[in-house]
Each structure stands twice: as C-alpha cells, then as structure tokens.
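Presented below is the structure to which this report refers.
The values are calculated or read from the model by the stated rules, or taken from the named source; none is laboratory data. Note that the structure is predicted; figures quoted are calculated from it, not measured. As a convention, Cβ positions derive from the backbone with ideal geometry for all residues, glycine included, and neighbour counts pool all protein chains shown. Quick note on the areas: whole protein, heavy atoms, side chains included, nothing else; ligands and nucleic acids left out. Shrake-Rupley method; radii C 1.70, N 1.55, O 1.52, S 1.80 Å.
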Number of protein chains: 2
Amino acid sequence: MQKRTDHEAALRRSGLKSTKHRTAILDILEQSDQPMAAEQVYLELGDQKIGVSLSTVYRVLESLLDKNLVTKLSMSISGDNRAYFEYNRKSHRHYLVCLGCKKIKAIEHCPLKNYEEALEREMNYTIEGHKLDIYGYCPACQEHEK
Amino acid sequence: MQKRTDHEAALRRSGLKSTKHRTAILDILEQSDQPMAAEQVYLELGDQKIGVSLSTVYRVLESLLDKNLVTKLSMSISGDNRAYFEYNRKSHRHYLVCLGCKKIKAIEHCPLKNYEEALEREMNYTIEGHKLDIYGYCPACQEHEK
DNA sequence: ATGCAAATGCGAACCATTCGCATCAGAGGA
DNA sequence: TCCTCTGATGCGAATGGTTCGCATTTGCAT
C-alpha cells in the first residue's frame with residue numbers, strides 16, 4: 001500500500017488540489033480488494049467520521065477518473081445499474097466474477113498480448129487495451145449448489 | 001438472417017407469447033450490426049410505424065433477455081449510462097470498440113479456451129464464460145488523427 | 001497573510017429504467 | 001368460431017443512480 005503522502009503527490013502531479021476527501025477516497029479504494037460503488041465509498045467515509053456529501057463523492061470519483069488515478073468498471077455486477085470504481089494500480093488486471101456470490105477477484109496473468117498484435121495486423125486497428133471479465137462459480141458457491 | 005416464423009417459433013419455445021412487438025424487436029436486433037439501446041429500438045419501431053410504448057420495449061427486452069434470445073452488453077459505450085442489447089446469435093462473440101467513433105465490431109475468434117481451462121484448475125473455479133472487449137482506433141479514426 | 005480558482009454541501013434536476021393498474025390480445029378449449 | 005383466462009401492453013407516475021446550480025469554503029500560489 002502506498003503512503004498517504006504519495007496520494008497527495010499524485011493529486012498534485014495531476015493538477016488536482018489535495019484535499020482530505022480526495023486522499024481519503026484514494027485510501028479507501030486502494031485498500032479495498034473489491035471495486036466499490038460511489039455509495040459504498042460514501043458510507044465508508046461516514047464510518048471513518050469523514051463528513052462528505054454524496055455529490056462530492058461522485059465529483060471526486062469523476063476527477064480521479066479523468067486523471068486515471070482510478071478506473072471505472074464496465075461490468076454490471078449483481079445486475080444493479082451502479083458504476084463501480086477501483087484504485088488504478090497501473091498493472092494490467094482482469095476479473096474473475098463469481099456468478100453465485102458476486103465476489104470479484106482480480107487475476108494477474110494476461111493471455112492476450114500476442115492476440116492483440118495479431119488483431120492489429122488483421123483488422124488495421126490500433127489496439128489500446130482491453131477488458132476481460134471471466135464468469136464462473138467460486139469454490140464456496142460450488143459447495144452450496146450441492 | 002432468420003425468417004420471421006423462426007422468431008415466432010423461438011418465442012413459443014421459450015414460453016413467450018408471439019406478438020408483433022416481440023417479433024419486430026427480434027427482427028430489428030437481428031438485422032442491426034450494432035448493439036442497440038432500448039430507446040434506439042423504440043425509435044426504429046416508430047420508423048416502421050409500429051406503435052409501441054417505451055416501457056413495453058423495456059419489458060420485451062427484459063423477457064427476451066430472460067429467455068436468452070438477446071444479450072445485454074456490460075460495457076459502457078460512449079460513456080453514457082444506457083444498457084445495450086443485441087440479438088443472441090449463440091456464437092461466441094467479442095467486441096472491438098473504436099475509441100474514436102465508438103463503433104463496435106464483433107470479432108469471431110476466441111483466444112481464451114485454453115486459458116479458461118488453466119484458470120479452472122489453478123483457481124478451483126467453475127468457469128461459465130467470459131466477456132472480452134478490446135479497445136482501439138479503427139482505420140478511419142487513425143486517419144482523422146493526423 | 002491575501003486573493004483567486006478550485007472544491008464542497010445541499011437540494012433540485014435529470015434520465016434511464018421500473019412499476020401499478022387498467023385494458024387488450026394470444027392461445028387453447030368448448 | 002367463440003370464450004375465457006393468463007399474459008402482454010399503454011400510460012403515467014415512481015424510482016434510483018448520477019449530475020447540476022449556486023452559494024460557501026478551502027487549497028495554494030503570490
């Protein structure tokens with residue numbers, strides 16, 4: 001985990017003012033092993049006795065997103081319509097989503113490097129990146145089904 | 001393209017009544033080369049002089065989704081918050097999304113079969129499927145950037 | 001310390017989607 | 001073919017996540 005001062009530095013480098021809300025939100029997202037919805041972040045801030053309005057949470061998340069300090073997931077977890085955010089660790093990540101309990105696990109290895117290059121040649125696209133979500137049932141949920 | 005009677009049969013097989021709205025919506029989605037938002041479907045129905053209310057479009061899409069006759073994309077195209085639907089051709093599809101013009105191309109080949117199997121063993125998950133979206137710039141948009 | 005632009009709080013507005021309820025229309029049986 | 005009954009539809013209101021307007025506050029450069 002990064003130290004708080006690193007978050008402050010990252011904010012400044014991005015041209016954003018460093019405020020307690022922004023550093024707190026970066027801390028929360030960094031320490032979460034799950035992507036979080038805006039409201040979850042808001043509630044966590046409340047637990048930490050950091051008073052903040054929900055619209056500020058949305059605005060902070062939006063500016064962090066602009067600066068690529070966080071990323072927004074494009075998948076719809078558990079069928080709700082909420083957006084989920086996560087700390088941008090700058091490493092290439094993919095997700096393993098459990099269809100039973102809806103837990104999300106990040107997986108490190110990416111099997112797509114070669115494929116992207118082949119696709120660039122074949123389709124004449126310039127490939128910038130990709131998102132890969134894999135769906136299945138985790139060990140615990142496989143148990144429950146029996 | 002399937003004939004309309006096939007759509008009627010598919011509806012019946014799924015236990016849904018065959019109505020002109022449902023067959024029309026299946027036709028529209030089948031003939032579209034792009035996933036469509038509910039409102040786009042609604043407007044297209046209007047163009048075809050098929051009177052329908054927007055809530056019916058939503059309800060039809062939902063029941064078609066239940067029966068797996070259409071699928072719902074999990075990606076957020078062009079940053080809007082709308083859901084996109086497409087005809088379920090039952091073949092494995094991935095998407096190449098142009099970051100410039102936001103056009104979406106389906107690509108057929110899937111490079112992930114082996115990877116899924118390896119992941120099952122490694123993580124003890126039962127893998128049911130995956131979604132893969134690849135982002136880049138199409139040939140036309142590469143031109144514009146110059 | 002001072003001033004200005006950026007950040008925040010609060011509530012209202014927005015917009016895609018869903019719901020309630022009255023009406024209508026397939027699909028099967030008489 | 002006609003009846004009936006359940007499921008489908010229309011309409012408008014409600015919902016819920018997200019965004020906006022504006023007055024106030026707060027970083028941070030000077």
Looking only at residues that are more than 7 Å from chain A (Cβ to nearest Cβ) and among the charged types (D, E, K, R) in the range B:117-128, which one is surrounded by the most Cβ atoms within 10 Å (Cβ to Cβ)?
B:Glu120
For the range B:93-109, state whether one or more residues are basic (Lys, Arg), modelled with pLDDT of 75 or more and more than 29 Å from A:Leu65 (Cα to Cα).
no
Sort out which residues of the range B:42-57 are within 11 Å of DNA strand C (Cβ to nearest atom) and surrounded by 15 or more Cβ atoms within 10 Å (Cβ to Cβ), and write them in order of number.
B:Tyr42, B:Thr56, B:Val57
Has the range B:129-140 got at least one residue that is outside the structural domain of B:Glu30 (by TED's automatic domain parsing), in contact with a helix residue (DSSP H, G or I) (Cβ under 6 Å, 6 or more places away or on another chain) and open to solvent by 40 Å² or more (accessible area, probe 1.4 Å)?
no
Taking A:Glu30 and the conditions (1) within 15 Å of DNA strand C (Cβ to nearest atom); (2) part of a helix (DSSP H, G or I); (3) in contact (Cβ under 8 Å) with a residue 12 or more places away in the chain; (4) open to solvent by less than 70 Å² (accessible area, probe 1.4 Å), which numbered condition does it fall short on, given that it satisfies the others?
(1)
I need every pair where a residue in the range B:88-106 that is in a loop (DSSP other than H, G, I, E, B) has its Cβ under 8 Å from the Cβ of a residue that is open to solvent by less than 40 Å² (accessible area, probe 1.4 Å) and at pLDDT below 70, sequence separation at least 6 or different chains.
B:Lys102/B:Ile77
Quick test of your reading of the structure: B:Thr126 fulfils all but one of (1) within 21 Å of the chain's Cα centre (by Cα); (2) at pLDDT 85 or above. Name the failing condition by number.
(1)
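When residues of the range A:40-86 are filtered for being hydrophobic (A, V, I, L, M, F, W, C), in a loop (DSSP other than H, G, I, E, B) and either modelled with pLDDT under 90 or in contact with a Leu (Cβ under 7 Å, 6 or more places away or on another chain) (or both), how many remain? Outline the logic, then answer.
Start the filter on the range A:40-86 by keeping residues that are hydrophobic (A, V, I, L, M, F, W, C), which leaves A:41, A:43, A:45, A:50, A:52, A:54, A:57, A:60-61, A:64-65, A:69-70, A:73, A:75, A:77, A:83, A:85.
After this cut, where a residue has to be in a loop (DSSP other than H, G, I, E, B) as well, the list is A:50, A:52, A:69, A:75, A:83.
If we keep only those that are either modelled with pLDDT under 90 or in contact with a Leu (Cβ under 7 Å, 6 or more places away or on another chain) (or both) as well, we get A:52, A:69, A:75, A:83.
Residues that pass the stated criteria total 4.
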